[in-house]
Amino acid sequence: MISKAISNIFQKNKAIKILFYLALLVIETFIELLDYLIPKDDRIIIFGSNCGEYSSGSPKALYKYLRNKASDYILYYYLPFKKEKGFFAQIRYFIKFIPIFFRAKILISSHPPSDFFPFISWSVKKIFINTWHGIPMKRMFFTDKHISKIELIRIINLNRRTSAFIVSSRLEGLLIRLCFRIDPAKIFCTGHPRNDILLRKHNVHLLPILLPKLPTYQKVILYCPTYRRNKQVRFFPFDDFDLSHFEKFLEDNKMIVLLRRHPYSKEVINLSSTRIVPFDFDTCNDVNDILPEVDILITDYSSIYFDYLLLDRPCIFIPYDLNDYEKDVGFLFDYHTITAGPKVSTYKDLITTIKECMELKDPYSDMRSKLKMIFHECQKENSSEQVFILMNDLLRRGRK
C-alpha cells in the first residue's frame with residue numbers, strides 16, 4: 001500500500017514522516033470534500049487493481065462480466081502506471097481522469113486505496129466495494145504486531161468509506177474483521193469473482209500463448225513463494241539442490257516449472273532453463289487465469305494456496321524459514337493445520353514428492369476437501385453475478 005512505501009522512504013526520519021502524513025491528510029480531506037460536492041452518475045464504475053499497474057483479480061473478473069452483461073453501465077479500468085506509459089503520459093492520464101473519478105458512483109478495487117492513486121480518498125457518496133486480493137493466511141493490519149499506528153488509522157478511514165467487503169466464507173469474514181476491524185454488516189459472502197474461472201470447464205490453454213517457446217510438456221508445476229518483509233526469497237532453498245539433475249528430471253518426465261515472484265519481490269532469478277521458466281507479472285498479470293493448467297502448486301505461505309484448493313490438486317510446501325517468518329510476520333492459524341500437503345526440506349524430498357504426485361499418491365485429498373468446504377463455502381462459479389446483484393442492491397439503498 002501507499003503508506004507502506006512512504007514508511008520505507010521516511011523510516012529514518014520520524015519527524016519528516018509525520019509531516020508528510022499530515023500533508024497527506026490535508027490532501028485526502030480536500031479530495032473527499034470535493035467528491036462529496038460533485039453530483040454522481042450511477043452508471044459510472046471504476047475498477048482498480050495492483051496499484052494501477054495491471055488488471056487482475058476480482059476487479060478484472062467483474063470488469064469482464066459487466067462488459068458482457070451490463071451495457072447500461074459506463075466502465076473504466078484505472079491503469080495509469082502500465083509500464084509502457086512514460087511520466088508525461090501518466091500526468092495526462094491523471095488530468096483526463098479527474099472528471100471521471102469525481103463523477104463515478106462506484107469503485108471496485110483489490111488493493112485500496114493505492115489502486116486509484118493519486119485519488120487516494122473519496123466521499124461516502126460513492127459505493128466502494130473492496131474485493132481484496134487473497135484469503136489471509138498471514139497476520140496483517142490490526143493483527144500485525146509490527147504495523148505502524150499511522151497505517152492503522154488509514155485502514156480505519158478506508159473502512160469508513162467502504163460499502164462492501166467481499167469474502168468467500170464465514171471464516172474469511174471473521175479473519176477480515178480481525179485484520180481490518182471493519183463493521184461486520186459491511187462483509188458479504190458472495191464468493192470471489194477471481195475464482196469463477198477455477199470452477200468452470202476450462203478449454204482455453206493460455207500458457208502456449210503467453211510462452212510460445214515452451215518445450216513439449218505434459219505436466220505444469222507453478223512455484224510461487226510469498227514476499228518476505230526484510231529478506232529476499234530463496235527459490236529451491238536446499239543444500240543438496242542439483243540444477244542439472246533437476247533439469248534432466250523435468251526433461252525425462254516432460255514437465256515444466258513456472259517460477260513466479262511476488263510482485264513486491266526484487267530478487268534476481270538465476271535458475272531459468274528450457275524447462276524452468278520465469279513467470280512474473282510482466283508475462284501474466286493474473287495468475288488465476290492459468291491456474292486451471294497447473295498440475296502441482298509449490299509455495300510456502302502464499303494465499304494462492306487457498307484459491308488453488310478449488311481445483312483439488314496437489315500442493316507442495318517449502319517453509320524453509322518457518323520459524324523466522326512466524327516471528328517476523330506471523331499466521332492467523334496454526335500453519336500445519338491448514339496446509340494440506342507435504343512439507344519438504346531437501347531436494348531429495350522434493351523429487352520424491354513430485355514423483356508421488358505424478359503417480360497419483362495423494363494422502364492429502366480428504367484434508368483439502370475439508371479445507372475447501374471451510375474456506376469456500378460461498379464460492380460458486382457465478383460470484384461475479386452475485387457481486388453484481390449486491391452492487392445493484394447497494395445502489396437501490398442509496399437512492400432511498
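The values are calculated or read from the model by the stated rules, or taken from the named source; none is laboratory data. Note that the structure is a prediction, hence the values are computed from the model and not measured. When we count neighbours, we look across all protein chains shown, and the Cβ atoms used for this are built from the backbone with ideal geometry, even at glycine.
Some observations on this one:
- Answer residue from segment 70-111, given it is modelled with pLDDT under 95 and either in contact with a strand residue (DSSP E or B) (Cβ under 7 Å, 6 or more places away or on another chain) or among the acidic types (Asp, Glu) (or both) and is surrounded by the fewest Cβ atoms within 10 Å (Cβ to Cβ) among those: Glu84
- Residues that are in contact (Cβ under 8 Å) with a residue 40 or more places away in the chain and either over 30 Å from Val220 (Cβ atoms) or surrounded by fewer than 22 Cβ atoms within 10 Å (Cβ to Cβ) (or both) within segment 163-180 comprise Ser163, Ala164, Ser169, Arg170, Leu171, Leu175, Ile176, Leu178, Cys179, listed in sequence order.
- In segment 305-316, the residues that are basic (Lys, Arg) reach residues that are assigned to a strand (DSSP E or B) and crowded, with 23+ Cβ neighbours inside 10 Å with C-beta atoms within less than 9 angstrom, at least six apart or across chains, in these pairs: Arg313/Leu297.
- Output for segment 358-373, where each listed residue is surrounded by 14 or more Cβ atoms within 10 Å (Cβ to Cβ) and more than 20 Å from the chain's Cα centre (by Cα): Met358, Asp362, Tyr364, Met367, Arg368
- Residue within segment 377-397 that is within 23 Å of the chain's Cα centre (by Cα), part of a helix (DSSP H, G or I) and within 30 Å of Ser148 (Cα to Cα) present: no
- Hits in segment 129-140 (condition: more than 14 Å from the chain's Cα centre (by Cα) and buried (at least 22 other Cβ atoms within 10 Å of the Cβ)): Ile129
- Hits in segment 143-155 (condition: among the β-branched types (Val, Ile, Thr) and in a helix (DSSP H, G or I)): Thr143, Ile150, Ile153, Ile155
- Where Asn230 falls short, out of the listed (1) touching a residue at least 60 places away in the same chain (Cβ under 8 Å); (2) surrounded by 13 or more Cβ atoms within 10 Å (Cβ to Cβ): (2)
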